[in-house]
Amino acid sequence: RMSRHTQQLRDHDTNPCVAETDASRKCMDDNNYKKDMCTAYFLKYKNCRKFWHDIMMQRKRNGVKPEMPTAEERIKILESMG
C-alpha cells in the first residue's frame, strides 16, 4: 500500500510532473543509474516544476483556489499557449 505522500506524488491533480518524474526514473533504471545519461530528462522535469510553480505562485497572489490547477485545467492552460 502506498503512503499518503506517495499517493500525492502520483496524483495528477496535485503533481503536474508525474510523466517527467516517471521518464527520469525509467531512464535511470535503463542506464544503470548513470546520471549523465539522463540529463535531458532531468532538465525536462526541472522545467516542468519551475513552470507550474510559477503558475501556482501567480494564482496564490491572485487568490485563485486551488493554487495548483487541476490536471484538466492544466491541459487547457497548455493548449492556450500553443
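The values are calculated or read from the model by the stated rules, or taken from the named source; none is laboratory data. Here the structure is a predicted model, which means the values were calculated and not measured. All Cβ positions, even for glycine, are placed from backbone atoms using ideal geometry, and neighbour counts span all protein chains on display. In case anyone asks, the SASA skips ligands and DNA or RNA and just uses the protein heavy atoms, side chains included. Shrake-Rupley method; radii C 1.70, N 1.55, O 1.52, S 1.80 Å.
Would you calculate the volume per residue, in Å³, of the smallest convex hull containing every Cα atom of region 19-61?
54 Å³
Mind checking which lysines have their C-alpha under 19 Å from LYS34, skipping anything on the same chain fewer than 8 residues away?
LYS26, LYS44, LYS46
To make sure I understand the rule: partners must be aspartates and glutamates, Cα under 17 Å from the Cα of LYS60, and not fewer than 8 residues away in the same chain. Which ones qualify?
Partners found: ASP13, GLU73.
Taking every pair of alpha-carbon atoms in the chain, what share in percent sits in each 10 Å bin, from 0 to the bin with the longest distance?
Histogram of Cα-Cα distances, whole percents per bin: 17, 40, 31, 11, 1.
Kindly report, to the nearest 10 Å², the accessible surface of MET81 as traced by a 1.4 Å probe over protein heavy atoms only.
120 Å²
Count the net charge of all other residues whose Cβ sits under 15 Å from the Cβ of ARG61, scoring Lys and Arg as +1 and Asp and Glu as -1.
+1
Once you charge only the Cβ atoms, +1 for Lys and Arg and -1 for Asp and Glu, what is the size of the charge dipole of the chain about its Cα centre, to the nearest 20 debye?
With only Lys, Arg, Asp and Glu charged at Cβ, the dipole is about 320 debye.
Over the chain, what is the relative contact order in percent, taking alpha-carbon pairs closer than 8 angstrom and at least six residues apart?
30 percent
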